[in-house]
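The values are calculated or read from the model by the stated rules, or taken from the named source; none is laboratory data. This is a predicted model, so every value here is computed, not measured. Ideal geometry is used to build each Cβ from the backbone, glycine not excepted, and the neighbour counts take in all protein chains shown.
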Ligand code: IMP
């Protein structure tokens, strides 16, 4: 089966392919499907934003589409950056902003999670939602060079997400957990 990914984010495309393709699900980027758009993510929740992105590409193609909306939620910052994760500061300054805000926060209060909501719109235009969360802690410095986004400051066990291999991250990440539910839906 073939699904279009409503995203221009190459890292998400790579991870989603790594997770779905072993199950025989081919993931085509929106660009490859001819849907050259950038959707304004003005929803208040991950689910609303995932829906906005999936709907826009579904309306252009009429084919099954999935969209991922995701972000980092930090307890000590009342859930920030949350749905604003991609816009929390200018490119290249987001992790530094979080580290600065967390400077005086003690170890036991550095809990955080990565959250992901997948919106899948099937060939009949029906919406389906799948969510995943991965719990960890905010580190004190950037660690590792794998992954993307906030991975170098998100500690999972003794390592940051950017110190894990793609295979290790894809077993436990918020995105992997949400996509596992999507795969279970397909085999039902
Ligand atoms: P959006 O879903 O396009 O709004 O963007 C989500 C933003 O959250 C990304 O640009 C990253 O900054 C962050 N994010 C989401 N998932 C991950 C992840 O797996 N690792 C690191 N950062 C992530």
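A search for C-beta distances below 8 Å between a residue of the stretch 2-27 that is under 18 Å from residue 188 (Cα atoms) and any residue that is assigned to a loop (DSSP other than H, G, I, E, B) and at pLDDT below 95, counting only pairs 6+ apart in sequence or on different chains, returns 24/1; 25/1. Residues that are touching a strand residue (DSSP E or B) at 6+ places or on another chain (Cβ under 9 Å) and either at pLDDT below 95 or within 13 Å of the ligand (Cβ to nearest atom) (or both) within the stretch 42-55 comprise 43, 45, 46, 47, 48, 49, 50, 51, 52, 53, 54, listed in sequence order.
Among the numbered conditions (1) under 20 Å from the mean Cα position of the chain (by Cα); (2) surrounded by 15 or more Cβ atoms within 10 Å (Cβ to Cβ), the only one that residue 91 does not meet is (2).
Residues in the stretch 1-23 that are within 11 Å of the ligand (Cβ to nearest atom) and either modelled with pLDDT under 95 or not in a helix (DSSP H, G or I) (or both): 4 in all.
Scanning the stretch 96-138 for residues that are within 13 Å of the ligand (Cβ to nearest atom), farther than 17 Å from residue 47 by Cβ and either within 19 Å of the chain's Cα centre (by Cα) or assigned to a loop (DSSP other than H, G, I, E, B) (or both) yields 98, 112, 134, 136, 138.
Every residue, every condition in (1) near the ligand (Cβ under 10 Å from one of its atoms); (2) in a loop (DSSP other than H, G, I, E, B); (3) at pLDDT 95 or above; (4) in contact with a helix residue (DSSP H, G or I) (Cβ under 8 Å, 6 or more places away or on another chain), yes or no:
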residue	(1), (2), (3), (4)
145	no, yes, yes, yes
152	yes, no, yes, yes
162	yes, no, yes, yes
168	no, no, yes, no
171	no, no, yes, no
176	yes, no, yes, yes
179	no, no, yes, yes
183	no, no, yes, yes
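Here the stretch 71-82 is the region considered, the condition is being in contact with a helix residue (DSSP H, G or I) (Cβ under 6 Å, 6 or more places away or on another chain) and under 26 Å from residue 119 (Cα atoms), and the residue that is nearest to the ligand (Cβ to nearest atom) is 71.
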